[in-house]
Amino acid sequence: RPRVLSGIQPTAGSFHLGNYLGAVRQWVALQESHDAFYMVVDLHAITVPQEPAELRANTRLAAAQLLAAGLDPERCTLFVQSHVPEHAQLGWVMNCLTGFGEASRMTQFKDKSAKQGADRATVGLFTYPILQVADILLYQANEVPVGEDQRQHIELTRDLAERFNARFGETFTVPAPYILKETAKIYDLQDPGVKMSKSASTPKGLINLLDDPKATAKKVKSAVTDTDTVIRFDPVDKPGVSNLLTIMSTLTGTSVPDLERSYEGKMYGALKTDLAEIMVDFVTPFKTRTQEYLDDPETLDSLLAKGAEKARAVAAETLAQTYAKVGLLPAK
Ligand code: TYM
């Protein structure tokens, strides 16, 4: 079975619809066909200031949401990044292989550091993508299911894997991004020119899966469309409507052309009312299931401990090979 690996940050608490449709939904599907490793990337979360108690709670919350979304610990390896020390260890080796200029070209770093103010951004935020490289290479992943915003980090991973292999001999699998075209980028409901995200979106344009379902319905109903009235998929001229069609199509399994046909001659209001109902039907059980996992932290923690153990077996082997290849003296 080919292997996949991916990760999600616990920073924000609730996952948003972009996280789910762009990534987590694919994780759930891929556990059927792939040897799948999924993690909550708490080490990445501390690249920006964090409240310790909140980070701890949000790490469990992220794991609970992944389970609620359909990850099955019997069919995938689910773990917390900091439980597997090899991530930081391989991260160091990868830091020593990355050019300063190369790291400086990472657009997410440029965006995030600009937002924080250049003096406030940490070196950790700068090397964030390199830790992500280590995350992926440790597991010899063939594919990495993510949204479009992660493409550059996967490119960096490929570059570093190839560089290492060329310099020290065949060691790492060179991974490919697994990005579904339809859901690669889910847009803000109020500003369909920008991706839905915790930081960029207005609260009204951001659908948090754990929000009150009534509030979610309201956000969907007040989504920005355009002054035209035709329900047609056209991301350039009708980004708002197209985003709603993408979301509806993915949540219902009905193709976009079929949706266009069924809304022919209807108003935007009809589309939004229907989508609001579909969203409520989706988030309501999601919220309940998440709470059920949170209500039993002991089971959750032991499940994560088992996941870390499985992950470590793979990670330790890759790290040992890597250390040997670069010439670090083994401890006797
Ligand atoms: P994070 O936590 O920001 O986001 C988790 C996943 O959600 C996707 N995503 C979106 N997809 C479509 N439309 C959107 N509006 C949208 N917003 C977010 C992201 O692309 C991502 O797949 N650096 C990563 C975490 C990470 C990782 C890894 C991923 C750490 N190590 C190793 C893969 C492999 C991140 O910050 O994702």
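If R0 equals 41 Å, the separation of the Cβ atoms of Val236 and Ala331 corresponds to a calculated FRET efficiency of about 0.10. For the cross-link pairs Lys185/Lys272; Lys115/Lys219; Lys181/Lys325; Lys115/Lys218, the ones whose C-alpha atoms lie over 31 Å apart are Lys181/Lys325. The stretch 279-332 gives an Rg/Rh value of 1.35, both radii derived from C-alpha positions and Rh following Kirkwood.
Of all beta bridges DSSP finds with both residues in the chain, what is the antiparallel percent, to the nearest 5? Once the DSSP bridges in the chain are tallied, antiparallel ones form about 20 percent.
Annotation for the stretch 227-299: GluC sites (Glu not before Pro) lying in DSSP loop with at most 12 further Cβ atoms inside 10 Å of their Cβ are Glu264. Fully extending the segment from Thr227 to Ala114, taken as 0.36 nm per residue of separation minus the present Cα-Cα distance, adds 37.2 nm.
Loop-located GluC sites (Glu not before Pro) across the stretch 1-91 with a Cβ neighbour count of 11 or fewer within 10 Å are Glu32, Glu74, with loop assigned by DSSP. When you restrict to C-alpha pairs under 8 Å that are six or more residues apart and normalise by the size of the stretch 127-235, the relative contact order lands at 20 percent. A Gaussian network model of the chain, with springs between Cα atoms under 10 Å, assigns the largest mean-square fluctuation among Ala69, Ala200, Ala308 to Ala200.
Pairs of C-alpha atoms in the stretch 101-142 farther apart than 14 Å represent 50 percent of all such pairs.
Normalised by the number of residues in the chain, the average gap of Cα pairs under 8 Å and 6 or more apart makes the relative contact order 22 percent.
Compute the Cα gyration tensor for the stretch 159-216, then decide on rounded, prolate or oblate, letting a ≥ b ≥ c be the square roots of its eigenvalues: rounded whenever a/c is under 1.5, prolate when a/b is larger than b/c in the other cases, and oblate in all that remain. It comes out prolate by the Cα gyration axes. Accessible surface calculations at 1.4 Å, restricted to protein heavy atoms, place the stretch 1-47 at 28 Å² per residue.
Computed with a 1.4 Å probe over protein heavy atoms only, the accessible surface of the stretch 119-165 comes to 35 Å² per residue.
For the stretch 196-256, the solvent-accessible area with a 1.4 angstrom probe is 46 square angstrom per residue. Placing one equal scatterer on every Cα of the stretch 28-110 and applying the Debye formula, the log10 ratio I(q)/I(0) at q = 0.22 Å⁻¹ is -1.10. Expressed as a whole percent, the accessible area of the stretch 208-332 that falls on carbon and sulfur atoms is 57 (1.4 Å probe). Cα convex hull, the stretch 226-332: 194 Å³ per residue, rounded to a whole number. Name the residues of the stretch 22-56 whose amide N is less than 20 Å from a point 7 angstrom out from the Cα of Thr107 along the C-beta direction? What the label zone holds, given the 20 Å backbone N cut-off, is 22-23. Considering only Lys219, Lys112, Lys198, the Gaussian network model of the chain with Cα springs below 10 Å gives its largest mean-square fluctuation to Lys112. A viscosity of 1.002 mPa s and a temperature of 20 °C, combined with the Kirkwood radius over C-alpha pairs in the Stokes-Einstein formula, give the chain a diffusion coefficient of 102 µm²/s. Residues whose amide H lies under 5 Å from that of Phe37, counting only those 5 or more places away or on a different chain, are Val4, Leu5, Ser6, Thr77; hydrogens are built 1.01 Å from N in the peptide plane.
The values are calculated or read from the model by the stated rules, or taken from the named source; none is laboratory data. Since we're looking at a predicted model, the values are computed, not measured. As a convention, Cβ positions derive from the backbone with ideal geometry for all residues, glycine included, and neighbour counts pool all protein chains shown. Side chains included, ligands, DNA and RNA excluded: accessible areas come from the protein's heavy atoms. Shrake-Rupley method; radii C 1.70, N 1.55, O 1.52, S 1.80 Å.
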